[in-house]
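What follows is calculated from the coordinates using simple rules that are stated; it is not laboratory data. In this text the structure is predicted, and so the values were computed from the model without any measurement. When we count neighbours, we look across all protein chains shown, and the Cβ atoms used for this are built from the backbone with ideal geometry, even at glycine.
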Amino acid sequence: MEKNKSSEKYIGLIGLDLDGTALDDEKRLRPRVRKAVEDAVAAGYAVVPVSGRPIRGLSKDFMAIPDPRPEMQGASAIRYAVSCNGAVIHRIGDFASRKWEEIRKVTVPRDAVYAVFKVIEPFDVLPDCFYGGHGNMPVWCRDVIWDRGMSAGIVRYILEDRTFYEDFPAFVRSIDDKVEKMTLSFNMLKNGAEEKLKAAERIAKIPGILLVSGAVHNLEVSNADSGKGRGILHLCELLGIDPARTMACGDEENDLDMIRRAAFGVAMANALDSVKREADFVTGSNDEDGVADAIEEFRRRLGR
């Protein structure tokens, strides 16, 4: 689904995870982070959300950051988005009115989707299939989601974004070969940590998939040709950006791919230790404007 290369010109690309990174613990966009994004766009950088979320679940506040350039008055600073852990890339027209164009998508193989469902049968899991730019879950998940040990911010986001189905297996059958990503949320108030490890060991053996964790409570399954880093590099190719002028910033396991592949990989102070070990730079936490510090450091290193 590759589109023609863009005529837009950028001097570099800044890829930002959202949850735990560009957004604070209350899922808010902090003013200094917003200003750092605006300044980077004004200087000629493409600033891109690179998220495990589907396109419709991206932060409205982040996607509404205005382009500060006088000639772009009324436009958003965010022109592209990498979602579903790199499985989908969009060119953004008007996010608020859902005007966007898919320029790349790879989906979870049909057989892999059913193999994952088979693996999780004995576990206490909330299944979630991303399709059509948002999440989809069984209706019973809506009644128990507050009792799983997930943060209030994540629960609110899920309830606002998801469509819930009485006959979830029938829905899944209706979208064969179209699943953008699967998210499996375990019950952290019971033995979810142990079940997550057992399930991950079995799911990892399924061919054709990428398996990562996007939060302490979940596992995320996408196509083997996805990954946040791959998404960034595909976008660089489409936009004609030198990969040596890329930055990626994140905090969780699903951010490792882009932190490893970007020229300047940044871990948040609140990141997993495994993420910090792979990073070129450790910035402040998501509650301390760490993304703003990282953008400023990246621009200082590139001299612009």
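Mean separation of Cα pairs under 8 Å and 6+ residues apart, divided by the residue count of segment 110-223: what relative contact order is that in percent? Here the relative contact order equals 32 percent. Pairs of lysines in segment 110-223 whose Cα atoms sit within less than 24 Å of one another amount to 12, provided the residues are eight or more positions apart or on different chains.
The alpha carbon radius of gyration of the chain, expressed as a multiple of 2.2 N^0.38 Å, is 0.96.
Farthest toward the positive end of the dipole of the chain, out of 18, 281, 49, is the Cα of 49, where the dipole comes from beta carbon charges about the Cα centre.
Exposure proxy shown here: for 167, 273, the number of other Cβ atoms within 10 Å sets the order, fewest to most, as 273, 167. Ordering 183, 199, 152 by Cα displacement along the dipole of segment 110-223 toward the positive end leaves 199 in first place; charges were set at the Cβ atoms of Lys, Arg (+1) and Asp, Glu (-1). Compactness of segment 1-121 is given as radius of gyration and Dmax, 16.0, 55 Å, from Cα positions.
Under conditions of 25 °C and 0.890 mPa s, segment 110-223 yields 173 µm² s⁻¹ as its translational diffusion coefficient, taking Rh as the Kirkwood radius over Cα pairs in the Stokes-Einstein equation. Under the criterion of Cα pairs below 8 Å and six or more residues apart, the relative contact order for segment 8-106 equals 23 percent.
A DSSP coil position with no more than 15 other Cβ atoms inside 10 Å describes the following GluC sites (Glu not before Pro) in segment 73-181: 166.
The residue 189 and residue 274 beta-carbon pair, evaluated with R₀ = 25 Å, returns a calculated FRET efficiency of approximately 0.50. Explain nothing, just the number: dipole magnitude of the chain about its Cα centre with +1 on each Lys and Arg Cβ and -1 on each Asp and Glu Cβ, in debye rounded to the nearest 20. That gives a dipole near 720 debye.
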